Amino acid sequence: MTGTVVADLGVLAQAGGAAELTQPEIFQRLQDAVALNTSFWINIALAGLSILLFVYLGRNVDEPRSQLIFVATLLVPLVSLSSYLGLASGLTISFLEMPPGHALAGEEVLTMWGRYLTWALSTPMILLALGLLAGTNRTKLFTALTMDIGMCITGLAAALTTSSYLLRWAWYLVSCAFFAAVLYVLLVEWPEDAAAAGTDAIFGTLKTLTVVLWFGYPIFWALGAEGFAVLGVSTTSWAYSLLDIGAKYAFAFLLLRWVAANQPTIGRLTTTNTGPAAAVDD
Ligand code: RET
């Protein structure tokens, strides 16, 4: 067990067998765990500022497809704000007893399960916006979005499984398989579509940002208290919070700034059911 984990244990874990904590008790522990709590409130503030900025950026967007990209992207900080409020209020946090085999076996460890649940709402919005930008077809959009939701929900299952250490990792692997499908669409299918659509420059930037940052999430899950417990709860939460800042707010800002300035390019794209992306000629 590392020093960080030990330092966390006072307020973020307790010996097994203790009575279940009530929401006010979890909330009280959060007040004592200043580093962890700050990792939530920083994101609440940034999500709030992003929402205001994005509404301002979108004030003159009147082309329908660009508007759809705007709404999808605006939902990202909206969901994020709600997600972090859930964590900060203790509503979507539980203390779960880790199974035998886990580095913290027998301890009740703070689990931020609300994160995984709300990712199932925010990450499909990121992919919807990217897919629309690439001018992809409905089949590929459907594939990316459903695989992504599968990734988040099975990630939630990994975090919530307390019966078996092995099964926690089995869920983790299933989630990785869904993630691989998302990566395939992002790295192989959509770059081709974006090239045909003429949006490849901005798509390329956003794709790289997304792929690099998204890889951070499974890595920190594995290193954090839910996985091998090399990192403590607060460190893991800060890692997710910092990844979120890049993967959500920075991503959304770059996308929306481009869309606001390039509505005619977006307006020329159509989404077909299964066929290749088509640009409607003027
Ligand atoms: C988990 C654990 C199981 C394996 C994998 C994961 C991937 C998570 C990802 C999350 C991305 C979240 C974002 C949130 C923004 O709102 C669930 C951590 C593969 C890629 C971008």
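Give the residue, chosen from Gly204, Gly246, that is within 13 Å of the ligand (Cβ to nearest atom), of a type in the set (Gly, Ala, Ser) and surrounded by fewer than 16 Cβ atoms within 10 Å (Cβ to Cβ). Among Gly204, Gly246, only Gly246 is within 13 Å of the ligand (Cβ to nearest atom), of a type in the set (Gly, Ala, Ser) and surrounded by fewer than 16 Cβ atoms within 10 Å (Cβ to Cβ).
Residues of the stretch 129-166 that are within 13 Å of the ligand (Cβ to nearest atom), over 23 Å from Ala88 (Cα atoms) and of a type in the set (A, V, I, L, M): Ala129, Leu130, Ala144, Met147, Ile149, Met151. A single entry from Val185, Val230 fulfils the requirement of being part of a helix (DSSP H, G or I) and within 16 Å of the ligand (Cβ to nearest atom): Val185.
Candidates are the residues of the stretch 28-86 that are outside any helix (DSSP H, G or I) and of a type in the set (Asp, Glu); the one that is surrounded by the most Cβ atoms within 10 Å (Cβ to Cβ) is Glu63.
Checked against (1) outside any helix (DSSP H, G or I); (2) within 30 Å of Arg65 (Cβ to Cβ); (3) free of Cβ contacts under 8 Å to residues at least 60 places away in the same chain, Thr92 meets all criteria but (2). Cβ separations smaller than 6 Å between residues 6+ apart or across chains give the following pairs from the stretch 108-131 residues that are open to solvent by 10 Å² or more (accessible area, probe 1.4 Å) to residues that are away from the ligand (no atom under 12 Å from the Cβ) and assigned to a helix (DSSP H, G or I): Met125/Ala72; Leu128/Ala72. Could you look through the stretch 132-144, keep only residues that are part of a helix (DSSP H, G or I) and in contact with a Gly (Cβ under 8 Å, 6 or more places away or on another chain), and pick out the one that is surrounded by the fewest Cβ atoms within 10 Å (Cβ to Cβ)? Ranking the candidates gives Lys140 first. In the stretch 195-222, the residues that are without any contact (Cβ under 8 Å) to a residue 40 or more places away in the chain form Cβ pairs under 6 Å with partners that are open to solvent by less than 30 Å² (accessible area, probe 1.4 Å) and of a type in the set (S, T, N, Q), at six or more places apart or across chains, as follows: Phe220/Thr236.
The values are calculated or read from the model by the stated rules, or taken from the named source; none is laboratory data. Since we're looking at a predicted model, the values are computed, not measured. No Cβ is skipped: glycine too gets one built from the backbone with ideal geometry, and neighbour counts run over all protein chains shown. Calculation scope for accessible area: heavy atoms of the full protein, side chains included, ligands and nucleic acids excluded. Shrake-Rupley method; radii C 1.70, N 1.55, O 1.52, S 1.80 Å.
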